[in-house]
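As structure tokens, the structure follows; a few thoughts come after it.
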């Protein structure tokens, strides 16, 4: 029996830990917040052990930014956040807004034309 | 000059509209909510024009469910929600909880080992 081919790297690793951070923001600060998140990603987050992926979302109404990151294990994310090396990267974000960060498991995913994945 | 190869179908369509729905929920209702969202997906949402992808996330602390869907255009999502045919699929979800649904643009995405995409 051969292993099934990976259709999509993003969806096949069902054990990945997902963190979603919803930041409330004023429309005039939204662009700045996106820039700070991209800088933290580039200079710190992407280099940390267990990092898998990031996407940053700009609320169309101007009032939110959502950061969506995936990690090999939940502990990898927690170690990244707790490391004192994180402070200079996250401090300017904390001055702008306080996000609500939560850990999630992806229990279902489907792409048009593909097969649905359930991990309940 | 040749067009760059698509690395990942999910990320290459930069014009896609993303909708993130954060549902507060009691831990005892979380599993039921996930089942209702999966049923709405299977029986209605995935068949609608412009649908691209869905992922459903279960909060590790038991208190949230996040539904993340992508559509060709924002109008496709809005037409899907407004159609009277949606009512029987969404009514049982509305009885359980009221989500906060918002429209987003993906302004940045990166996967480990890949090239970052910016759409600011």
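Any read-out appearing in this document is the output of simple, stated calculations on the displayed coordinates, not a laboratory observation. The shown structure was predicted, so the numbers you read here are calculated from the model rather than taken from an experiment. In this analysis, Cβ positions are derived from the backbone assuming ideal geometry, glycine residues included, and neighbour counts consider all displayed protein chains.
Numbers at a glance
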quantity	calculated
Tilt relative to chain B, helix B:27-43 - C-alpha long axis, 0 to 90 degrees, to 10	60
Label 7 Å beyond Cα on the Cβ vector: residue B:61 copy-to-copy distances, nm	2.3
Neighbour-count ranking [beta-carbon atoms within 10 angstrom, fewest first] of A:44, B:104	A:44, B:104
Taking B:52, A:37 and counting other C-beta atoms within 10 Å, the order from fewest to most	B:52, A:37
Inter-copy separations for residue A:32, label at 7 Å along Cα-Cβ, nm, ascending	4.5
Structure-based [θ]222 nm, chain A - -39500 (n - 2.57) summed over DSSP H runs of at least 4, per residue, nearest 500	-10000 deg cm²/dmol
Using alpha-carbon coordinates, inclination of helix A:87-96 to the longest axis of chain A, degrees	70
Inter-copy separations for residue A:75, label at 7 Å along Cα-Cβ, nm, ascending	5.2
Relative contact order (percent, whole number), chain B, Cα cutoff 8 Å, 6+ residue spacing	35
